[in-house]
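> The structure that follows is given in the form of structure tokens.
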Amino acid sequence: MQWGDPGIRGWRYLLQRLLHPTLGPGPLYKVVDRYIRPYVGPSSTVLEIGPGGGRWTRYFIGARRIVCVDLNPEFFDLLRTSFPHANLEFYHPRDCELDGIADCSIDFVFSFGTFVHIEPEGIAQYLSHIRRVLRREGVAVIQYAEKAKPAARHPDFSDMTAEKMAAMAPMPIIIHDIELLKHSNIAVFKKDAGDALPPSA
């Protein structure tokens, strides 16, 4: 939670802003309200890239199936312990790939706090795999760094911009939120109803 708690809202959020006006990336509870809750239900199969300790995973535990993808598999035992009643599955990728995830098997992809550290080439690779694993009309929500924002001019943040994301998008971007967060943007992709082919086809 050191990077911000999405559960802080209402008077608690207002008090936090009053006491620490420069703290955090922005109102993370709005990410939950706008970019998770409308897309996730009891019948959903969710894939989360970079769950870490479960800061965002907790908002998916009512889903039918949750696939957690992380380069650091030491988090998997922590997630099992934290969410013992959730239907969790785990995938340890070699790099920016989802080879172990079946085609057209996922309803919703979410990643927050991971793509901000992935350079454009890796993001393009991931997006290609995301398109492949999404079912038709599936949705992906990806938060990524925005170097045009002063708060993202940090060496740990990747060299991304909204223009680069739009240019590399392998699926329609139905929402491109460049205002909500101080150091990053959120792109919401939706796989076309007629898109049943892998990216290389």
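Just so it is clear, none of the values below were taken in a lab; they were calculated from the coordinates. For clarity, every value in this text was computed on a predicted model and none was experimentally measured. Note that we place each Cβ from the backbone using ideal geometry, even for glycine, and neighbour counts take in every protein chain shown.
> For the pair VAL32/HIS117, report the inter-label distance in nm, with labels modelled 7 Å from Cα in the Cβ direction.
The modelled label-to-label distance comes out at 2.4 nm.
> A further question follows. Choose one answer from HIS176, HIS117, HIS154: the residue with the largest mean-square fluctuation in a GNM of the chain with alpha-carbon springs under 10 Å.
HIS154
> Can you tell me the dipole magnitude for the chain around its Cα centre, using point charges on the Cβ only (Lys, Arg +1; Asp, Glu -1), in Debye to the nearest 20?
The calculation lands at about 760 debye.
> With an 8 Å Cα cut-off and a minimum separation of 6 or more residues, compute the relative contact order for region 27-66 in percent.
46 percent
> For region 80-141, which GluC sites (Glu not before Pro) pass both filters: DSSP loop (anything but H, G, I, E, B) and at most 14 other C-beta atoms within 10 Å?
Counting only loop positions with at most 14 other Cβ atoms within 10 Å, none of the GluC sites (Glu not before Pro) in region 80-141 qualifies.
> While we're looking at this one, here's another question. If I model a spin label at GLU179 and SER82 as a point 7 Å from the Cα along the Cα→Cβ vector, what separation in nanometres do I get?
With each label placed 7 Å out from Cα toward Cβ, I get 3.1 nm.
> Let me ask something additional. List the relative contact order of region 26-190 as a percent without decimals, with contacts defined as Cα pairs under 8 Å and 6+ residues apart.
It comes to 20 percent, rounded to a whole number.
> Let me ask you something else. Taking the structure as given and computing Cα extents along the principal axes in Å, which label from [x] 52, 41, 30; [y] 52, 35, 29; [z] 86, 39, 28 fits?
From the options [x] 52, 41, 30; [y] 52, 35, 29; [z] 86, 39, 28, the structure gives [x].
> Which residues does the label zone of GLU74 cover in region 34-61, counting backbone N under 13 Å from a point 7 Å along Cα→Cβ?
53
> Once amide H atoms are built 1.01 Å from N in the peptide plane, which residues 5 or more positions from LEU47, or in another chain, come under 5 Å H to H?
VAL67, PHE108, VAL109, PHE110
> To check you understand DSSP bridge types, tell me what percent of the beta bridges within region 26-190 (both residues inside) are antiparallel, rounded to 5.
Within region 26-190, antiparallel bridges account for around 40 percent of the total.
> Which far-off residues, 5 or more places away or on another chain, put their amide H under 5 Å from the one on GLY138, with H placed in the peptide plane?
The answer is LYS191.
> Cross-link candidates for LYS191: which aspartates and glutamates have Cα within less than 19 Å, leaving aside residues fewer than 8 places away along the same chain?
GLU48, GLU97, ASP99, ASP103, ASP107, GLU137, ASP177
> Hey, another quick one. Expected output is a single nm value to one decimal: the length gained when fully extending between ALA169 and SER43, i.e. 0.36 nm times separation in residues minus the C-alpha distance. What is it?
Here the segment from ALA169 to SER43 would lengthen by 42.7 nm.
> So what's the gap between the Cα centers of region 40-68 and region 95-128, to the nearest angstrom?
That distance is 15 Å.
> Based on the Cβ-Cβ distance from HIS92 to ALA148, what FRET efficiency comes out when R0 is 41 Å, to the nearest 0.05?
0.75
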